[in-house]
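Below you'll find the structure, written out as structure tokens, and then a few comments.
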Amino acid sequence: MVKVTEQGAEDRKDAPSFVIAATEDYEGLVPFFIENGLEFSEEDETPTDIVKCWSAKDGRGVLVGGCVLARREGEFICDGIAVSPDFRAGGLGKRLLDVLVAEAAARGGAHVYLVARAPKFFAKYGFVAVERKDAPKFFECFTCPQYVKTCFPEVMKTNRNLGSYSGRA
Ligand SMILES: CC(C)(COP(=O)(O)OP(=O)(O)OC[C@H]1O[C@@H](n2cnc3c(N)ncnc32)[C@H](O)[C@@H]1OP(=O)(O)O)[C@@H](O)C(=O)NCCC(=O)NCCS
């Protein structure tokens, strides 16, 4: 379990704090992801195995963040990560990514792949863009009619083998 206190607020009596914990409740995270702009299709062509999910809750137990580590065709992927608007820019997204990447590393993964809607957030963390020709073919984005017309997602992966991964420099 990871306790995260909003950056810069440690001295305040009312400092909001967040608790990140593993959760079995994947179904409870999906509506939260959708509320926060992520798309979830019931009809993914490539089977996805959910590996582990985490929720972040505020002091009142309200869900304010979450992320999902999954596997597709043997590769680890981040299958969703989101933070409630009111809780963004406080380091919670990075902490969620920390636990997800650490879990993939502990399970012997070499990389974590994802389709980034917020590439700058992931780039800051140390993810790098993967050219379409080098990207795993299992991301449905490439066959979506919106791809590079109205939607410009980037496939990214951790920039070095997870065996040596220690998070953002
Ligand atoms: C992307 C998201 C998870 C980031 O969560 P967060 O809690 O705001 O992120 P953090 O506070 O940990 O940010 C870590 C760093 O990334 C930067 N960052 C975060 N979101 C960013 C964005 N959209 N663009 C550029 N930089 C961003 C922060 O400024 C911070 O940098 P700093 O340490 O130099 O200040 C959150 O904005 C979100 O839920 N967005 C909607 C859902 C989404 O797009 N998820 C990603 C799907 S691929």
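Points worth noting:
- Output for the range 96-139, where each listed residue is part of a helix (DSSP H, G or I), in contact with a helix residue (DSSP H, G or I) (Cβ under 9 Å, 6 or more places away or on another chain) and farther than 23 Å from Ser55 by Cα: Arg132
- Within the range 129-149, the set of residues being under 20 Å from Ala70 (Cβ atoms) and within 15 Å of the ligand (Cβ to nearest atom) comprises Val130, Ala135, Phe139, Glu140, Cys141, Cys144.
- Scanning the range 96-119 for any residue that is crowded, with 20+ Cβ neighbours inside 10 Å, within 9 Å of the ligand (Cβ to nearest atom) and not aliphatic (A, V, I, L, M) turns up nothing.
- Unique residue being part of a strand (DSSP E or B), within 24 Å of Gly126 (Cβ to Cβ) and in contact with a helix residue (DSSP H, G or I) (Cβ under 8 Å, 6 or more places away or on another chain) when the list is Gly93, Gly80: Gly80
- Under the condition of being over 12 Å from the mean Cα position of the chain (by Cα) and either surrounded by 23 or more Cβ atoms within 10 Å (Cβ to Cβ) or not charged (D, E, K, R) (or both), the residues counted in the range 56-77 number 7.
- Residue match in the range 84-97 (condition: of a type in the set (S, T, N, Q) and more than 18 Å from Phe33 (Cβ to Cβ)): no
- Among the residues of the range 143-150, none qualifies, meaning not one is in contact with a strand residue (DSSP E or B) (Cβ under 8 Å, 6 or more places away or on another chain), over 30 Å from Ser17 (Cα atoms) and either at pLDDT 95 or above or aromatic (Phe, Trp, Tyr) (or both).
- Residue pairs meeting the criteria (Cβ under 6 Å; at least 6 apart or on separate chains; first over 22 Å from Phe76 (Cβ atoms), in the range 139-152; second of a type in the set (A, V, I, L, M, F, W, C) and surrounded by 12 or more Cβ atoms within 10 Å (Cβ to Cβ)): Tyr147/Cys141
The values are calculated or read from the model by the stated rules, or taken from the named source; none is laboratory data. Computed from a predicted model, the values in this text were never measured in an experiment. Cβ coordinates were reconstructed from backbone atoms using ideal geometry, including for glycine residues, and neighbour counts include every protein chain displayed.
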